[in-house]
């Protein structure tokens, strides 16, 4: 079985809450924007959005799909996932297509609330589709080598 199409997504499973948004200083311009802390507030079909991960003290771009934050997407061999530890820590790829969001972002994001992890895998040869949801999911710090908890 060849697993070329894989997506990992993260969701809080909560309804929109205006207290989960933050004012973010956009130093490139002269205005402030209200940005949600995760994709639960962008309950749309899919697209690239900004979220504000509180402990990162900045907004980051993520791909949101029906309220889930896409942590990783791999749809083919075009993006090389044979990377260094530093690349996996910081993330790589194009957030709108194949990408790895980054272990540090995973850690910071999952430690700001209660999250579930959905893993979706599609076998490109048979078009078989598998998925599983893990409740109460978080990633440890770099000191813990980003251990899955």
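Say whether the condition of being under 22 Å from residue 35 (Cβ atoms) and surrounded by fewer than 16 Cβ atoms within 10 Å (Cβ to Cβ) is met by at least one residue in segment 124-132. First the steps, then the outcome.
Here is the first cut: in segment 124-132, the residues under 22 Å from residue 35 (Cβ atoms) are none.
No: segment 124-132 contains no residue that is under 22 Å from residue 35 (Cβ atoms) and surrounded by fewer than 16 Cβ atoms within 10 Å (Cβ to Cβ).
When residue 80 is tested against the conditions (1) surrounded by 14 or more Cβ atoms within 10 Å (Cβ to Cβ); (2) assigned to a loop (DSSP other than H, G, I, E, B), the lone failure is (1).
Here residue 55 passes the criteria (1) touching a helix residue (DSSP H, G or I) at 6+ places or on another chain (Cβ under 9 Å); (2) modelled with pLDDT under 90; (3) assigned to a strand (DSSP E or B) except the one numbered (3).
Of all residues in segment 83-93, one or more are loosely packed, with under 12 Cβ neighbours inside 10 Å, outside any loop (DSSP other than H, G, I, E, B) and more than 16 Å from the chain's Cα centre (by Cα).
Of all positions in segment 19-34, at least one carries a residue that is at pLDDT 55 or above and surrounded by 13 or more Cβ atoms within 10 Å (Cβ to Cβ).
Identify, please: which residue in segment 35-52 is outside any strand (DSSP E or B) and at pLDDT 85 or above and is, among those, farthest from residue 97 (Cα to Cα)? Checked segment 35-52; the qualifying residue farthest from residue 97 (Cα to Cα) is 37.
Step by step: first the residues of segment 58-77, then only those that are in contact with a helix residue (DSSP H, G or I) (Cβ under 7 Å, 6 or more places away or on another chain) and farther than 17 Å from residue 111 by Cα, then the one that is surrounded by the fewest Cβ atoms within 10 Å (Cβ to Cβ). Which residue is that? Break it down into steps so the answer makes sense when it comes.
Restricting attention to segment 58-77, the residues satisfying the condition of being in contact with a helix residue (DSSP H, G or I) (Cβ under 7 Å, 6 or more places away or on another chain) are 60, 62, 64, 67-69, 71.
If we keep only those that are farther than 17 Å from residue 111 by Cα too, we end up with 64, 67.
Details: 64: 26, 67: 20.
Among residues in segment 58-77 that are in contact with a helix residue (DSSP H, G or I) (Cβ under 7 Å, 6 or more places away or on another chain) and farther than 17 Å from residue 111 by Cα, the one surrounded by the fewest Cβ atoms within 10 Å (Cβ to Cβ) is 67.
Can you find a residue in segment 96-117 that is farther than 17 Å from residue 72 by Cα, part of a strand (DSSP E or B) and modelled with pLDDT of 90 or more? No - not one qualifying residue is present in segment 96-117.
Examine segment 119-129 for a residue that is within 23 Å of residue 145 (Cβ to Cβ) and modelled with pLDDT under 95, and state whether such a residue exists. Looking for residues that are within 23 Å of residue 145 (Cβ to Cβ) and modelled with pLDDT under 95, one finds at least one in segment 119-129, hence yes. Selection over segment 100-149 of residues that are out of contact with any strand residue (DSSP E or B) (no Cβ under 9 Å at 6 or more places or on another chain), more than 24 Å from residue 87 (Cβ to Cβ) and in contact (Cβ under 8 Å) with a residue 12 or more places away in the chain gives a count of 3.
The values are calculated or read from the model by the stated rules, or taken from the named source; none is laboratory data. No experiment lies behind these values; they were computed from the predicted model shown. So basically every Cβ, Gly included, is an ideal-geometry build from the backbone, and we count neighbours across all protein chains shown.
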